[in-house]
Amino acid sequence: MTAKIIDGRAISQEIRAELRERVDALKRRGVEPGLAFVLVGEDPASLSYVASKNQGAAEVGINSQTLQIPGDTSQEQVVELVRRLNLDPAWHGILVQLPLPSSLSEGAVINAIAVKKDVDGIHPANIGRLLRGEPTFKPATPSGVQQLLLRSGYDPGGKHVVICGRSNIVGKPLAAILMQKAPGANATVTVCHTRTLDLANMTLQADILVAAMGAARAIKDDMVREGAVVIDVGNNRVEDASRKSGFRLVGDVDYEGVADKAAAITPVPGGVGPMTVTMVLYNTVLAAEGRFE
Ligand SMILES: NC(=O)c1ccc[n+]([C@@H]2O[C@H](COP(=O)([O-])OP(=O)(O)OC[C@H]3O[C@@H](n4cnc5c(N)ncnc54)[C@H](OP(=O)(O)O)[C@@H]3O)[C@@H](O)[C@H]2O)c1
């Protein structure tokens, strides 16, 4: 079997086109959707993530602004900035770019974001709602995984989804999303991690296998059932002397071997990655519409 490629760039463009229409409808009602980024310090990866989110916002007609403050800003000042944005009606969404410098408490800053402006879906109240199956903002990367599945014809309902990785931003919220008694969910979910005994025994049982480990090419073809759907969240730099940069990006799945066995697979890059920014924009449009989902 040669896998169908689940094209994250194309699906992302499809969702952005839908968002543009919703943004236009909001503007006709006099609502100008706004997304504020809080960037503490000058971490190059964070700068580039925020730049691509700003670019995505402009593409769908969302007004966005980056508030960049020095890395040595005090905890109180960062929280104060977030509180000011909470009160400013120009901003429907607030996104604090993580990681924060180690001198700051991420928990304290996240807790300061207004629940109805938390378009990253990381405030404990929104995570709680997610788990309870109540309307919320779903965290962007796992929400993107769900959309990739649904929009490429692989409804997880009734399927066994095996997720490798239990982080707070990917594995755990993805399990919470897919286990819900709700359309587009209703999966049976197994979550694996570094203490899982015999990982291959688990992954071989997956109808849908999600790799979110940060371990380059760790999922080999002998760990995947013939005909499984494979979603690769991993984004790992490996040395590549043939590239000008000296590296290239690979996923957590050994793509070539696994693509021969899977029914469908996401590439890296061009799979889950493009969806993450798009789902932040999706949540910002929801926030500007004054609703959760
Ligand atoms: N494309 C995107 O937009 C996007 C967004 C977010 C993340 N990512 C990528 O997704 C990957 C995961 O990110 P993350 O933030 O979730 O990482 P993380 O916080 O480091 O969590 C990794 C998880 O994977 C588990 N794990 C690691 N190696 C494993 C192994 N060999 N076998 C079984 N489980 C293993 C860890 O288990 P323990 O809990 O036991 O340590 C942990 O639960 C990274 O490559 C990251 O760059 C991509």
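Throughout, read-outs are computed from the coordinates displayed, never taken from laboratory work. Quantities reported herein were computed from a predicted structural model and do not represent experimental measurements. Here the Cβ positions follow ideal geometry from the backbone for every residue, glycine too, while neighbour counts run over all protein chains shown.
Key figures for this structure:
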{"read-out": "Qualifying positions in segment 245-275 - aliphatic (A, V, I, L, M), surrounded by fewer than 20 Cβ atoms within 10 Å (Cβ to Cβ) and not in a loop (DSSP other than H, G, I, E, B)", "value": "Leu249, Val250"}
{"read-out": "Residues that are surrounded by 15 or more Cβ atoms within 10 Å (Cβ to Cβ) and more than 23 Å from Gly171 (Cβ to Cβ), drawn from segment 82-100", "value": "Val82, Leu85, Asn86, Trp91, His92, Gly93, Ile94"}
{"read-out": "So Arg83, is it more than 16 Å from the ligand (Cβ to nearest atom), within 21 Å of Asn186 (Cβ to Cβ) and of a type in the set (Lys, Arg)", "value": "no"}
{"read-out": "Verdict on Ile110 being buried (at least 17 other Cβ atoms within 10 Å of the Cβ), farther than 24 Å from Gly271 by Cβ, without any contact (Cβ under 8 Å) to a residue 40 or more places away in the chain and out of contact with any Ser or Thr (no Cβ under 9 Å at 6 or more places or on another chain)", "value": "yes"}
{"read-out": "Residue, farthest from the ligand (Cβ to nearest atom), within segment 169-207, restricted to residues that are of a type in the set (Lys, Arg) and closer than 30 Å to Pro99 by Cα", "value": "Lys172"}
{"read-out": "Matching residues, segment 137-168, being away from the ligand (no atom under 15 Å from the Cβ), among the basic types (Lys, Arg) and more than 15 Å from Lys181 (Cα to Cα)", "value": "Arg151"}
